[in-house]
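The values are calculated or read from the model by the stated rules, or taken from the named source; none is laboratory data. On a predicted model such as this, the values are computed, not experimentally measured, just so you know. Every residue, glycine among them, receives a Cβ derived from its backbone with ideal geometry; neighbour counts consider all protein chains shown. In case anyone asks, the SASA skips ligands and DNA or RNA and just uses the protein heavy atoms, side chains included. Shrake-Rupley method; radii C 1.70, N 1.55, O 1.52, S 1.80 Å.
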Amino acid sequence: MKNIPKITATLLISLLFAACTNTKIAKDQGQGAGDFRVMFYNVENLFDTVDDPEKKDEEFTPEGNKHWNEDHYKKKLSNISQVITAVGGWDAPAIVGLCEVENLKVLEDLTNYTGLSKLKYSIVHKESPDNRGIDVALLYRKDVVEPISYKAIPVKLGDAGTRPTRDILYFKGVFKRADTIHFFVNHWPSRYGGHLESAPKRMKAALALHHVVDSILSLNANANIIITGDFNDDPEDESLVTGLGAVDPAAAKESRLYNLSAQYKKPGVRGSLKYKGNWNVFDQFVVSSGLLNGKGKLKTAVSASHIFYGLPENEFLLEVDDRYQGLQPNRTYWGRTYHDGFSDHLPVYLDLFKN
């Protein structure tokens, strides 16, 4: 693992340029770049190369149909490290939510043997019942965030024989010299089998999360809550709007939860992933009204929520879409063909400000 490359000089120069650019944009908007930055990234199948007999991970082994090997694995870790570093700009993200990670080992390799090693990220992870073995996880900078507790929230799909899905990861912590935060990392059931046919599964995930969020807000109506992840639904879909109760802030409808990512579901606007020529916004940030309205020691804004495409002068997470035109995420695999990219999803990030 020691051969994984550190951050390159070219990328470092780009990051410095990006940080200066971001500072200028923030000043033009009348606010700083944020006191704390949090992000989420679906990293597209971060598997090690070892076959786990209890998981359906055979394709991500040297003998599997994807011919996943140690070189591919090291490059994948390096790419993820590069993205997290680039999203942070001057200052690495305080919290990083991740999904499609196989186990604790890949998280330890990511934080110990890449350019992230100097940042001393701590790991929060629990094994999920997903058949393929992909989990959600969270990294936090212990110099910025003090942990209080965490737990896995099971999503019970009900029917016997139904493939189990990922748990929701709940993390409670304190931003030092600021306030308590409730952070949820999600990876809701996919659209496999069809959008409408699979919708009830995502509704069950939404209701499981809604129940926990309600219990927090019943104790403190102004609690700072951040809900993020790959929801496999867009912001206007029923699971988000009705099941979770997250509304578009632009609708001017009073709610306890607001979906800051609704701003990207517009014609001509890139989303966080692209399928058959159409952009979707599956990777989102939903926040509590107390956090959006700045009722406590922390606040955020609709304009503080972003999809990250790369650096201002080099959107390295995108490539030309030869089939459907325009651009698309630069992913790791196309079917069984190794593509040497980053992920089929783009990362999202949110800035928080101290009151």
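Computed from label points 7 Å out along Cα-Cβ, the spacing between Asn293 and Ser190 is 4.0 nm. 3J(HN,Hα) along the stretch 88-105, derived from phi through the Karplus expression 6.51 cos²θ - 1.76 cosθ + 1.60 where θ = phi - 60°, amounts to x, x, 5, 10, 4, x, 6, 9, 10, x, 9, 9, 6, 10, 6, 6, 5, 4 Hz, with x in place of Gly and Pro.
Between Arg336 and Lys176, the simple spin-label model (points 7 angstrom out along Cα→Cβ) gives 5.1 nm.
Relative contact order (percent) for the stretch 181-319, with alpha-carbon contacts under 8 angstrom and 6 or more residues of separation? The partial results should precede the final answer.
Details: 231 pairs, mean separation 31.5, N = 139.
With pairs under 8 Å counted, the relative contact order is 23 percent.
How much area per residue is accessible in the chain when the probe is 1.4 Å and only protein heavy atoms are counted (Å²)?
Details: 15910 Å² over 355 residues.
Dividing the accessible area of the chain by its residue count gives 45 Å².
Extension gain, Asp51 to Lys105, is 18.1 nm, computed as 0.36 nm per intervening residue step minus the present C-alpha separation.
When nucleic acids and ligands are ignored and a 1.4 Å probe is applied, Arg191 ends up with an accessible area of around 60 Å². Accessible surface of the stretch 61-216, 1.4 Å probe: 51 percent of it comes from carbon and sulfur atoms. Which links in Lys204/Lys299; Lys74/Lys118; Lys295/Lys354; Lys142/Lys176; Lys55/Lys126; Lys76/Lys172 stretch past 21 Å when you go from one Cα to the other? As for pairs spanning more than 21 Å Cα to Cα, those are Lys204/Lys299; Lys76/Lys172. Sequence-ordered 3J(HN,Hα) estimates for the stretch 239-255 from the Karplus curve with 6.51, -1.76 and 1.60 and θ = phi - 60° stand at 4, 7, 6, 8, x, 8, x, 9, 10, 6, x, 5, 6, 6, 9, 5, 8 Hz, glycine and proline given as x. For the stretch 265-282, the Karplus equation 6.51 cos²θ - 1.76 cosθ + 1.60, evaluated at θ = phi - 60°, returns couplings of 8, 9, x, x, 9, 5, x, 9, 7, 10, 10, 6, x, 10, 7, 10, 10, 7 Hz by residue, with Gly and Pro reported as x.
Note: relative contact order over the chain, using C-alpha pairs below 8 Å and six or more positions apart, is 17 percent.
The convex hull defined by the C-alpha atoms of the stretch 251-355 has an orientation-averaged projected area of 8.3 nm². If R0 is taken as 22 Å, the Cβ-Cβ distance between Lys354 and Ala221 corresponds to a FRET efficiency of 0.60. Here r is the Cβ-Cβ distance between Gln325 and Asp71 and R0 is 30 Å; the resulting FRET efficiency, rounded to 0.05, is 0.40. Here the simple spin-label model places points 7 Å from the Cα toward Cβ, and for Ser117 and Glu254 these points are separated by 5.5 nm.
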